[in-house]
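A.B. asks: Handing you a structure now.
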Amino acid sequence: MTLSSSITAIIDGELVTRSEVQRWESRRATSVLKRFARRLGRRAIAELLPGTTLASLLAADLDTQRAALVTLKTGLGHAGIYAMLRHELTVSDRTARLAVAASRGRTAYSVTRLTAPDCSADQFATWFNNLVVTNAEVDMIDACPDHYLVRGLADGRQEVIETTGGSPTATRFLVDYADVDAVSVPIDPAYPIQIAGRAVLDDGFAIGGVRHQFRDRDGAMEALLTVEFPGVFPGSLIAAHRWHLATEFSNWIIASQNSEC
């Protein structure tokens, strides 16, 4: 059994196989490909993906769709992504501020657990942290169709533009990995390796946070992945983000192992 097929997840208390996570990813890849086609038009798609049609991409396997999405995102560049999503980023910025105000300090968590046989928690965390340090943008956006732009900034923070969970709009925020004290997600002492940070807007306004915790157990790496949202966020959005977490971290785990081969 390969690592790709042996990674399992626990979502909402239920065991989820790798193939189920890939089916969710495939649905999101189809949705994002259609969004690019609507926003850019046929000529732009042909320029970025010569000899390819939307119909052929929608019928293609997941690996082909992943590669096409990376080509579209990197081909547009940062400025192109900003331009394509400018209206919904404005809306999501305002929505996040209102949600934090309405929550009055209350938070809600999206939680997913992963088990990856024959993986080292320390080695994976080192590899993951290095993505930000080296600004490995392709590895960061390739992990999930809903990643439009993910890059490390000179000040050590990470810029993210993504569709979060079941949200209808993309959101832009910065993850400050130096600001861990303000993250409300509890530390589980059974997980010695922590990756945590505060999610903020450009002016420093806090909208959430992440705390991803890892350990080695019985020859496998176990990951406890948690994202903090404002308390008034819809439960459906928070539930959908569990699948987002399962998708991106499963793909990052596989990429980290492949990089060591």
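The values are calculated or read from the model by the stated rules, or taken from the named source; none is laboratory data. Here the structure is a predicted model, which means the values were calculated and not measured. SASA here: full protein model, heavy atoms, side chains in, ligands and nucleic acids out. Shrake-Rupley method; radii C 1.70, N 1.55, O 1.52, S 1.80 Å.
A.B. asks: Could you sort Ser250, Ser259 by accessible area so the largest value comes first, with the probe set to 1.4 Å?
C.D. replies: Details: Ser250 0, Ser259 70 Å².
The residues order as Ser259, Ser250, largest area first.
A.B. asks: Which of (1) 168; (2) 114; (3) 131 is the computed volume of the Cα convex hull per residue in Å³ for the structure on display?
C.D. replies: Checked against the structure: label (3).
A.B. asks: Which percent of the accessible heavy-atom area of the chain goes to carbon and sulfur, probe 1.4 angstrom?
C.D. replies: Accessible surface attributable to carbon and sulfur in the chain totals 53 percent.
A.B. asks: Mind checking the per residue accessible area of the range 44-147 for me, 1.4 Å probe, whole number of Å²?
C.D. replies: Heavy-atom accessible area per residue stands at 50 Å².
A.B. asks: At 222 nm, what value in deg cm²/dmol follows for the chain if DSSP H runs of at least 4 each add -39500 (n - 2.57) and the sum is divided by all its residues, to the nearest 500?
C.D. replies: After summing the helix terms and dividing by residue count, I get -15500 deg cm²/dmol.
A.B. asks: Moving on. Excluding ligands and nucleic acids, what accessible area in Å² is computed for Phe36 using a 1.4 Å probe, to the nearest 10?
C.D. replies: Taking all protein chains as shown, Phe36 has close to 0 Å².
A.B. asks: Over the range 220-261, average the accessible area per residue using a 1.4 Å probe and give it in Å², no decimals.
C.D. replies: 30
A.B. asks: Across 5 Å bins from 0, what is the distribution of all Cα-Cα pair distances for the range 50-121, in whole percents?
C.D. replies: 3, 10, 11, 11, 12, 16, 16, 14, 6, 1, 0
A.B. asks: Sticking with this one: Accessible area, 1.4 Å probe, largest first: how do His244, His87 sort?
C.D. replies: Working: His244 0, His87 130 Å².
Sorted by accessible area, descending: His87, His244.
A.B. asks: For the range 63-137 and the range 191-241, compute the distance between their C-alpha centroids and round to whole Å.
C.D. replies: So the two Cα centres are separated by 11 Å.
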